[in-house]
Structure formats: C-alpha cells, structure tokens
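Undergrad: A single structure is presented below for examination.
Every read-out reported here was derived from the displayed coordinates using simple, explicitly stated rules and does not represent laboratory data. Since we're looking at a predicted model, the values are computed, not measured. Positions of Cβ are backbone-derived with ideal geometry, glycine not excepted, and every protein chain shown enters the neighbour counts.
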Amino acid sequence: MTLFEQTMQAFENQDYDLAERIHHEEFMFVREYSMSSREEHLANIQEWFADSTWHKRVECVHEDDFVLVMRASEIDDSGRPFVSNNVSIKQNGLYWRTIVKTDY
C-alpha cells in the first residue's frame, strides 16, 4: 500500500495509530511561516480527524519511493477558495519532511 493510500485510510477511519506509524521519528512539518515537530503535527492530525473532509478532496499528484505530492482545493474561514499543495520527502517509506503552501 502506498503512503498516499495509508494516509487516506488513516483519515477515513480516523486511525491515529496508523497516522503515527506512517510518520518517521525525525518528522518535521513546515508551513509558510511555521514549523512543527512530529508530536505537534500528530496532535493536530488527531484534532483534525473529528471533522475533516480533507481526505475526500485531496488528490495524489505524484508518488514514488522518494516523494509524495498532494493537492487539495479548499475554502478558508472567510469563504475564499484556495489550493493547498503538500510536498513530502519520504525516508524508509514514511513521511520524513512535509511542506505545505497555499495559493489563492
């Protein structure tokens, strides 16, 4: 099963244990102006599980042994549409570094 498929399975089933297993112990998450540790990122995912429909909108743009690129069309809190681009570098088949950029 690909990393993308495992990610979708974790969100679909709200499976925190799976989400944790697919993140390398050295994982770091980068957003335009902030950075999160593995623990902080996983805590955010656990909170997000409750009402997220992200997994229904996201698409896999590319995945190979080294990277996973995902994209989702979303709407911000003010109703403005944007595209979220998520690029992850993999190590041993796990998320190692992820950067997300939003484009309006």
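Undergrad: Can you give the Rg to Rh ratio of segment 1-54, both from alpha-carbon atoms, with Rh computed by the Kirkwood formula?
TA: Radius of gyration over Kirkwood radius for segment 1-54 works out to 0.96.
Undergrad: For segment 97-104, just list the computed ³J(HN,Hα) in residue order, Karplus coefficients 6.51, -1.76 and 1.60, θ = phi - 60°, integers in Hz, with x standing in for Gly and Pro.
TA: Those phi angles translate into 9, 10, 10, 10, 10, 9, 10, 9 Hz.
Undergrad: Please list 3J(HN,Hα) in residue order for segment 50-65, calculated via the Karplus relation 6.51 cos²θ - 1.76 cosθ + 1.60 where θ = phi - 60°; whole Hz, with x for glycine and proline.
TA: Karplus values, whole Hz, x for Gly and Pro: 4, 9, 7, 10, 3, 5, 8, 10, 7, 10, 8, 7, 6, 8, 9, 5.
Undergrad: Residue by residue, what Karplus-based ³J(HN,Hα) values in Hz, rounded to whole numbers, does segment 83-93 have, using 6.51, -1.76 and 1.60 with θ = phi - 60° and x for Gly and Pro?
TA: Whole-Hz 3J(HN,Hα) from phi for segment 83-93: 10, 9, 9, 10, 10, 10, 8, 9, 9, 6, x.
Undergrad: Could you tell me the calculated FRET efficiency between residue 76 and residue 36, based on Cβ-Cβ distance and R0 = 22 angstrom, to the nearest 0.05? Walk me through the intermediate numbers first.
TA: On the way: r = 20 Å, r/R0 = 0.89.
Plugging the Cβ-Cβ distance into 1/(1 + (r/R0)^6) gives 0.65.
Undergrad: Right, another one. Hey, what D do you get for the chain in µm²/s if you plug the Kirkwood alpha-carbon radius into Stokes-Einstein at 37 °C and 0.692 mPa s? Walk me through the intermediate numbers first.
TA: Values: Rh = 14.0 Å.
Stokes-Einstein gives a translational diffusion coefficient of 235 µm²/s.
Undergrad: Right, next: Please report, in debye to the nearest 20, how large the charge dipole of the chain is about its Cα centre when each Lys and Arg carries +1 at its beta carbon and each Asp and Glu carries -1 there.
TA: I would put it at about 280 debye.
Undergrad: In addition: Helix 3-12 sits at what angle to the longest principal axis of the chain, using alpha carbons and giving 0 to 90 degrees rounded to 10?
TA: So the inclination is approximately 60 degrees.
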